[in-house]
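The values are calculated or read from the model by the stated rules, or taken from the named source; none is laboratory data. Small disclaimer: the values here were computed from a predicted structure and weren't measured. A quick note on method: Cβ atoms are made from the backbone with ideal geometry, for glycine too, and the neighbour counts reach across all protein chains shown. Protein only, heavy atoms only, side chains kept; ligands, DNA and RNA dropped before computing areas. Shrake-Rupley method; radii C 1.70, N 1.55, O 1.52, S 1.80 Å.
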Amino acid sequence: MVFSSNIFLLYFMPVFFLVYFILPRKARNYFLLLASLVFYAYGAPEFIIHLIVSVIANFYLVRWMNKVEKPGLKKLLCGISIAISIGLLFYFKYGNFTMNNFNAVLGWMGAAPLKWTKILLPIGISFFSFQSVTYTLDTYRKVNEPMKRLSDYMLYIVMFPQLIAGPIVRYCDIADQIRNRESLYTDRLQGFYRFVIGLCKKVLIADVIGFQVDQVLGPSNYDVLTSAQLADIANKIATIDSTTAWIAIFAFTFQIYFDFAGYSDMAIGLGRMMGFKFPENFDNPYVSTTISEFWRRWHQTFSVFIKNYLYFPLGGSRVKTEARKYFNLWFCFLISGLWHGAAWNFVVYGALQGIFICADKLFLKKFNERLGKIPSVFFTFLIIVLTRCFFRIERIDLSWMFIKRLFAFDFTPFHFSYNPHLYVTMLVAAFFSFFTLTKLGLKVQEKVYFTEYNKRQHIIAFVVSIAAFVFCLGALNASGFSPFIYFRF
Amino acid sequence: MRKQCKGILITLICLTALLVFAPLLEQNLKLFTFKKLVGYKKPAPKPVLSYDAFVSGKFQQRSENYLKEHFGFREPLIRMYNQCTYDWFKTTSNNEIHIGRDGWLYHTESALQYYGNMESWFDMTNSQVRENLISKARDLSKVNAILQQYGVHLLTFTLPTKSYIYPEHLRWQPIGDTTFNATPFFEQQLDSHGVPHINMVPWFKQVQDTTRFDLFYSKGSHWAAGALLAVDTMLKYMEQLGDCSLARIQLGSPYSIEEIPNNDKDLENLLNLAAPLKHEPIFEYPVRLLTNEQTVYPTVWFVGTSFYWYMTRRVNFDALFRDRDFLFYYAMFYTDSEQKSFPADRLDYLRELLLHDYVVFFRDGPQLYNDGMLFPGKALISLCISDERLKEKASAVADSLYCAWKATTHQDSVRCNNQAHILLQHHPELFEELRGESIPSCRNPRIGQILVEKEIRADRNWSFLLKAMAENDSLKVRELYKMESYNVMNHQPLLCDKAYFTTYDYFDFLVDEASVEIQRSLSAPATEAEIFQQVMDTLQTKIQQHAYDDDTLMIMACTMDATVVQLSTKGNLSEIEKKASNWHISIDKAFRKDALWCCQHNKNKMRNLNEATLVKALDSYQIERRLRQNKASMESIMQKHREMNLPLRIIINRDIEWIRQNRKQ
């Protein structure tokens, strides 16, 4: 179940919150857990057992780990717990990728390929696996005590607002809130406003832009395509004019931000309605003046996870050689690229990001500083846009072909010759991506997101939110309603 | 202050909850009624919860699809969103519609086709696409040649769609000249293959430049006044093909209609907006049909699209053609005057092709590439290939498809067989005997029987007897024609020998005869009594001509007799004349229509009566007529009516009863 679906917006959410607030406080966590399991089972029924078993195993392993005194055994149990989480992630997410490549290598060597049944990817596995890891490591590092109740731990892992697409909530950030939290009236309302902001980002911006991007670049997942469809996309990309290509890739850059940030806003909003304070996930990433800054602002909870649980264990910047330091940085980004998807294009994407981060440390940052704020924002944004080609187009040869078309300077009449809905939406997206470059923009954002509203602000926000919610419902359902006047026989 | 703020927050939370719950409540309680959304969309099936369906995710998918169509406030929400995007961006969620400039709307497909910018399968640079069109033109030329051998004329035209006639209101700019349109290419091919066709586009363009009225309505996909132009052009070409004189249409002065009919703004309706668009008045022309003694009324089979309805709405095809049938989108077949219809898969193409005097095949531009072009292949196969050979070939093709598909996907033989038939219709050249440029020499052996059927249909009396039989035995007249032609071919006893009149057909027959007399009396000054006498004489003769031994039939005949008399009053006749002029039909037809209605009405009233009652009713009726004709009797009745202060009807009934009783004694 996704947040921007009828089943969630019109059935699950209203019923859930009605029951949740009617129930006594003590019963709320149990109900939230039950609803979260239903939420997950509805979207991925075949994986619910995997999820529950891995959560139970991890819970008891960590408790055992916490009790033992011997450092060796403690380390071993910690390793087993992490291996379960990461192992499942690796098996489900990278099993197909690994085997395909392994068989390709066998093929080059003239050997027969190994038999392998394709595995389906359980939704949200990248997120709840990482949360399990934070729990294990935070307990191991004695940052927090392990949870006493299985239900509490299970709730931490499967809580529906952040189960599917984050934010990745570290155990230490939320440990106290699971048992002790307060949902004030203002939280309930401001949570709803935040949820609606996220819904608008997703439905009114990302989906509108995404539809047009798909028209040009084909669907984002090439696995579902037949070879003929793939050939058609390749043909389209090979002959695309530069204007269309630029608009498409700019559009995708906005689409991915508003899609992901929208989802995070919805998750944060839902959490706040229940009294949870989830960490922020995006901080206006496109106003960054350097690539390093961009990664501090983009998918922050993931960046924090990589920093704390991969970069620091590798030695971070406190290593003997400069080369090692840059390798650590590059490697972290390579892994983060691979985390986004099990395909070579994501590896290239991660590697490129790593290279730009290293270049940042070496010279790019200084160069940007000399450029000044606005040009450096533009320059950084351009790098992000270009690297996004590898993110969006799943085949590296096609990504490269697309980049070549970007710089072919072929400005023939283009695909989006007249599409005011797309242009206006892109303008709106650009405005909201960059408006915090001004002090006023920052102030407005601060007021809308982070300050407590007074009576007047509540009334205004309420009216706007309800109107936006209704409008989103219309958009969500109108987009699937394109009827014919006659049967097409 | 804090308390007041808390109260407001609680109110807002309650309001939020109420609004978020509103769709769920509305879905279950149905508190409001909303205007339904317009357009066809395959409805999502209701999800059924089962373990397998849930685990496989099908239940969830179906639930989402189903709820999308059934949640509360769906209609106003979609209309509201569409209205906003229409007002702000001139787009809506309906990709089928292209929103042009100045409030003009187009079908996206036709707009794309105009600019030669269809999907890849429409790409005219593709040699396969061009070859496909050439082969269609070749098939049509063969069909035309064969039909000519049997005295049937084939006429084809491409509908001049709105994008071609009014490109200036399209929103887009041309994409480039790397592709080109199929329509001119296909027209060229028809020319080079000698297929009779009309290119209406230049003619429409020329008229559009000189007239101040739009040939197409800005908010609809079909033609407005353009339909008249098309009919006129079509009739002229048909005359030329058949070397005969058809009825012609004459247009009066245009008049405007403020209230736009729903069908004319079909594209606007499909936008599903919250508020109606601003409309300019639509102009219509009154149409008069011009006929003379040489005018012939052929039978025509139309094969095409909904544009047909827009022609028949403006011009009375009943008065132009003796019989006309319509095959709509290869899906539904509408028999004469659209009174009956049945799915096209039951249609016998060969019969339809040969039984009509003309076959008119039309389609719009985009249909050149899809199922709109099934006709040439289907027609050619039905004319040249026997049913057995078709079955045998389809089976062979199905086998090869099955073998080819079996390896990749799960296929069943039924589906393969259907696919084989479709494939053969698209590619009749799969039959060796239909290949090449020359006209195939083979013929469907059923042709002989169908030509006999055509003869039967042309014979008025024979046809009448079969129709009567069909009516009486509740059979389909089409089937009877078929059986009779079979009987002729096989030297079997004929159905018409066994046919007898039903009261209904008898009445038809009587009216036919009587109306000639009535028409004569209308052309010369006559008194009401004279008209009545003429009608009565005719009826009397006809009744005497047929010996009735069945009382009920007699009663019915007399009831009809009474109906005719009723209708033959001068007042009624002038009404009928007025109707005939309004409907552009002959007085004879108008009279017939009214009389049939009366007859049917009387028949229905009498259906529940037993025979004795009917006899009594007839008797009473005849007495009353005599009473009314007798001046002295009527004066006496009127006197009683005044004296006793009773309704006239009661007095008359009493008198009738008294006469009946006394007569018996």
query: Past the 19 Å Cα-Cα mark, which pairs from A:Lys307/A:Lys361; B:Lys42/B:Lys68; A:Lys202/A:Lys439; B:Lys35/B:Lys340; A:Lys277/A:Lys447?
result: A:Lys202/A:Lys439; B:Lys35/B:Lys340
- prompt: Which whole-angstrom value gives the distance between the alpha carbon centres of segment A:36-93 and segment B:224-282?
  reply: 72 Å
- request: Determine the residues within segment B:87-110 where the difference in accessible area between the chain on its own and the full set of protein chains amounts to at least 40 Å²; count protein heavy atoms only and use a 1.4 Å probe.
  value: B:Phe89, B:Ser93, B:Glu96
field: Average accessible surface area per residue within segment B:2-85, 1.4 Å rolling probe, Å²
entry: 63 Å²
- line: Surpassing 28 Å at the alpha-carbon level, of the pairs A:Lys201/B:Lys162; A:Lys142/A:Lys443; B:Lys41/B:Lys162, are A:Lys201/B:Lys162; A:Lys142/A:Lys443
- prompt: Cα-Cα over 18 Å: which of B:Lys467/B:Lys579; A:Lys236/A:Lys404; B:Lys142/B:Lys378?
  reply: B:Lys467/B:Lys579
Charged-residue dipole, Cβ positions (Lys, Arg, Asp, Glu), segment A:6-180 about Cα centre, Debye nearest 20: 420 debye
task: Please say if segment B:108-384 is rounded, prolate or oblate, where rounded means a/c under 1.5 for a ≥ b ≥ c the square roots of the C-alpha gyration tensor eigenvalues, and otherwise the choice is prolate for a/b larger than b/c and oblate otherwise?
output: oblate
query: For the pairing of chain A with chain B, what total accessible surface becomes buried, with a 1.4 angstrom probe, in square angstrom to the nearest 100?
result: 5500 Å²
field: Kirkwood estimate for segment A:1-143, i.e. one over the average of 1/r between Cα atoms, Å
entry: 18.1 Å
- prompt: Could you give the Stokes-Einstein D for chain A in µm² per second, using the C-alpha Kirkwood radius, 20 °C, 1.002 mPa s?
  reply: 87 µm²/s
- prompt: Just the Cα atoms of segment A:232-281, one point each, no solvent: what log10 I(q)/I(0) does Debye give at q = 0.17, 0.18, 0.22, 0.24 Å⁻¹?
  reply: -0.62, -0.65, -0.78, -0.85
field: Partner chain coverage, peptide B:12-25 - average Cβ within 10 angstrom
entry: 6
- prompt: Which helices of chain A meet both criteria: a Cα extent of 30 Å or more along the helical axis and a mean Kyte-Doolittle score no lower than -1.0, with helices taken as whole DSSP H segments?
  reply: A:242-274, A:455-478
- prompt: When you take every Cα atom in segment B:1-111, what is the radius of gyration, and what is Dmax, the widest Cα pair distance, in Å?
  reply: 20.1, 64
message: I'd like the distance separating the alpha-carbon centroids of segment B:75-114 and segment B:371-397, in whole Å.
response: 40 Å
statement: Partner lysines whose C-alpha sits under 19 Å from that of A:Lys148, ignoring same-chain residues fewer than 8 away, are A:Lys26, A:Lys67, A:Lys74
query: Once you sort the root eigenvalues of the Cα gyration tensor of segment A:355-465 as a ≥ b ≥ c, which label holds: rounded (a/c under 1.5), prolate (a/b larger than b/c) or oblate (the other case)?
result: oblate
message: Once R0 is set to 60 Å, what does the formula 1/(1 + (r/R0)^6) return for the Cβ-Cβ distance between A:Thr438 and B:Lys340, expressed as a FRET efficiency to the nearest 0.05?
response: 0.25
